[in-house]
Amino acid sequence: MQLPNYKEASIRSKERVVKEQYKLPIEDRELGKNKTYFLKTYGCQMNEHDSENIQAMLEEMGFKESENYEHADLILLNTCSIRENAHNKAFGMLGRLKHLKQEKPDIIIGLCGCMAQEEGVIQEILTRYPQVNFVFGTHNLHRLPIVLKKYMDTNHQEIEVFSKEGNLIEGMPVKRMSPYKAYVNIIYGCDKFCTYCIVPYTRGKQRSRRKEDILQEIEELVKEGYQEVTLLGQNVNAYGKDLEENYGMEDLLEDVAKTNIPRIRFMTSHPWDFTDKMIEVIAKYPNIMKAIHLPVQSGSSRILRKMGRRYTKESYLELFDKIKKTVPNVSISTDIIVGFPGEEEEDFQETLDLVRHCKFDNAFTFIYSPRENTPASRLTDNTPLEVKEKRLQELNQLVNQYFLENNQKKVGNIEKVLVEGKNENGKTDLYGYTETNKLINFNGSSETIGKIVDVKVIDAKTWSLDGEICE
Ligand code: SAH
Ligand code: SF4
Ligand code: F3S
């Protein structure tokens, strides 16, 4: 048994991370023979991509995917810690699984992802959730086969969570969700330690992949016919800062743009590390999509300081305006937290003012949720929940208004759309995403799925566009 420890998780050593090649760490390729698995993924794209690795590892051991958890032999939850409701969802599922396990004692239940890195969660599992048979964390994803086998050999709850990141593992098997769009990790972890955020403890220190490995992965995706890559990281703009070479995000973006991949996206960008050179590179290459996710969190410099975000309202707006000016037709989306401890009505009004200036193309809005072991969770918070809920509602009304206005401006345009699939219940046949990441529904032949086609925008809604394919 190896349990998580926050003290160790907070350490940021200067040591450079060592690269290691993955190989199935157990001899037994028959472990999953005649068995099925169900994997449930919560949280962000990082977790979704980890799940693509998990699925491939399980399938290497002979497990087959099951459509629903009731019929699976192995059920694994890849969890998220970011807010209380992510926790509640996973614990709710564990509650349901308790009953299933009573009916079918032979099923195997596992938990992994960010919640596995939390001291409190592991204590709860040890004391209240004996139905969880095995646990592994974000730093030892590649050891899933070992952890699972240990449980299967001994029938004893097996918990293996590393508090500190180990080597950077290359060459993990991957079962991609889409044959057209792929996630490519470029940097793991986060060193920003925003005071509200648990990610630096659950994902460890910032570690960049070597550029050769990233570029090779993308070249292979191009050969396989992929149309789009999303470069992933908690803060992609910090790419390269931990490597020896003087090679940063702007250089990587440029090199990726020079491959033949038709579409490049990246997320997430912390406003702090956004360089002028990066803006120029985004503007210069047509295959870099003009859609930038630039979380602001708050429009009040006083709150931003308490959040440890390292920028002010003014410097955010300066960067925002510079991007808008340099990259024509760019769409900018954001994340906003309301109800951070000590947020007063004036602070909230400043957030609304900032939204009125930026007119974001999309915004993910949240009520602040105190997270275990984070500095903000120790601050006094006198704002009642009803007030926070009212603020969220008011903010949502305002952001929605701009989504609609921005979409309306697209009516009449011809947009390049990557067709992603059939609309199962909708009025139109197909859906896809424009270069600026807007969902568009339209009629057309299913032969266009996986291709980039021209679609004329004929109508706008708050969260989507309607279009007509151009013959
Ligand atoms: N690395 C990204 C954010 C990842 S988390 C960045 O810094 O931009 C995604 C979003 O969740 C954050 O941008 C923030 O808005 C929200 N979030 C993170 N911790 C939160 C908390 N404790 N309560 C509420 N929202 C939170
Ligand atoms: Fe969390 Fe801040 Fe890191 Fe984003 S940059 S993952 S909000 S600590
Ligand atoms: Fe959640 Fe972990 Fe992602 S906390 S948002 S799954 S990095």
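The values are calculated or read from the model by the stated rules, or taken from the named source; none is laboratory data. Since this is a predicted model, take the numbers as computed values, not measurements. With ideal geometry, Cβ positions are generated from the backbone for all residues, glycine too; neighbour counts draw on all protein chains shown. Protein only, heavy atoms only, side chains kept; ligands, DNA and RNA dropped before computing areas. Shrake-Rupley method; radii C 1.70, N 1.55, O 1.52, S 1.80 Å.
A few remarks follow.
- Cα-based shape type of segment 99-224, given that a ≥ b ≥ c are square roots of the gyration tensor eigenvalues and the cut on a/c is 1.5: oblate
- Förster radius 22 Å - calculated FRET efficiency between Glu314 and Leu352, Cβ distance, rounded to 0.05: 0.85
- Cross-link reach list, aspartates and glutamates versus Lys104, counting only Cα pairs under 20 Å and skipping chain neighbours closer than eight places: Glu65, Glu67, Glu70, Asp73, Asp153, Glu158
- Overall, the accessible surface of segment 22-113 at a probe of 1.4 angstrom is composed of carbon and sulfur to the extent of 45 percent.
- Between Met177 and Ser464, the modelled labels are 1.7 nm apart [label points 7 Å from Cα along Cα→Cβ].
- Cα gyration tensor, segment 197-275 - rounded (a/c under 1.5), prolate or oblate: prolate
- Global geometry of segment 22-145, whether rounded, prolate or oblate, following the gyration tensor of its Cα atoms and the 1.5 cut on a/c: oblate
- The alpha carbon centroids of segment 407-439 and segment 148-185 are separated by 34 Å.
- Charging the Cβ of each Asp and Glu at -1 and of each Lys and Arg at +1, and nothing else, the dipole of the chain about its Cα centre rounds to 520 debye.
- Overall, the accessible surface of segment 180-335 at a probe of 1.4 angstrom is composed of carbon and sulfur to the extent of 48 percent.
- Electrostatic dipole magnitude of segment 109-230 [Cβ: Lys, Arg +1; Asp, Glu -1; Cα centre; debye, to 20]: 80
- Charge dipole of the chain about the Cα centre (unit charges at C-beta), most positive-ward option of Asn413, Leu379, Thr275: Leu379
- Cross-link table Lys19/Lys223; Lys23/Lys64; Lys14/Lys211; Lys223/Lys258, entries beyond 22 Å C-alpha to C-alpha: Lys19/Lys223
- Judged by the mean number of other Cβ atoms found within 10 Å, the most tightly packed of the peptides 428-440, 302-314 leads the ranking 428-440, 302-314.
- Structure-based [θ]222 nm, the chain - -39500 (n - 2.57) summed over DSSP H runs of at least 4, per residue, nearest 500: -10500 deg cm²/dmol
- Assigned charges on the beta-carbon of Lys, Arg, Asp, Glu; segment 1-124 dipole about Cα centre (debye): 300
- Ordering of 414-422, 380-388, 291-299 by packing [mean C-beta count within 10 Å, highest first]: 291-299, 414-422, 380-388
- The chain - share of DSSP beta bridges that are antiparallel (%, nearest 5): 30
- Zone residues, segment 270-298, relative to Asn413, backbone N less than 18 Å from point 7 Å out along Cα-to-Cβ: 282-294
- Additional length obtainable on full extension of the chain from Val222 to Asn5, 0.36 nm per residue less Cα span: 74.0 nm
- The order of the peptides 16-23, 204-211, 402-409 by mean Cβ neighbours within 10 Å, most packed first, is 204-211, 402-409, 16-23.
- Contour excess over end-to-end distance, with Cα ends at Asn329 and Asn425 and 0.36 nm allotted per residue: 31.4 nm
- Two-site FRET efficiency, Asp213 against Leu439, from Cβ-Cβ distance with R₀ of 35 Å, rounded to 0.05: 0.65
- Charge-dipole axis of segment 41-161 as Lys and Arg at +1 and Asp and Glu at -1 on Cβ define it, positive-most pick from Thr41, Phe136, Leu126: Leu126
- Heavy-atom accessible surface of the chain, averaged per residue, reaches 45 Å², computed with a 1.4 Å probe.
- FRET efficiency for Val18 and Lys150, using Cβ-Cβ distance with R0 set to 30 Å, rounded to 0.05: 0.75
- Inter-site label distance for Glu27 and Phe366 at 7 Å from Cα along Cβ, in nm: 4.6
- In the chain, taking the dipole from charged Cβ atoms about the Cα centre, the farthest positive-side position among Ile332, Ile26, Ala9 is held by Ala9.
- Gained length - Asp276 relative to Gln45, 0.36 nm times residue gap less alpha-carbon distance: 80.5 nm
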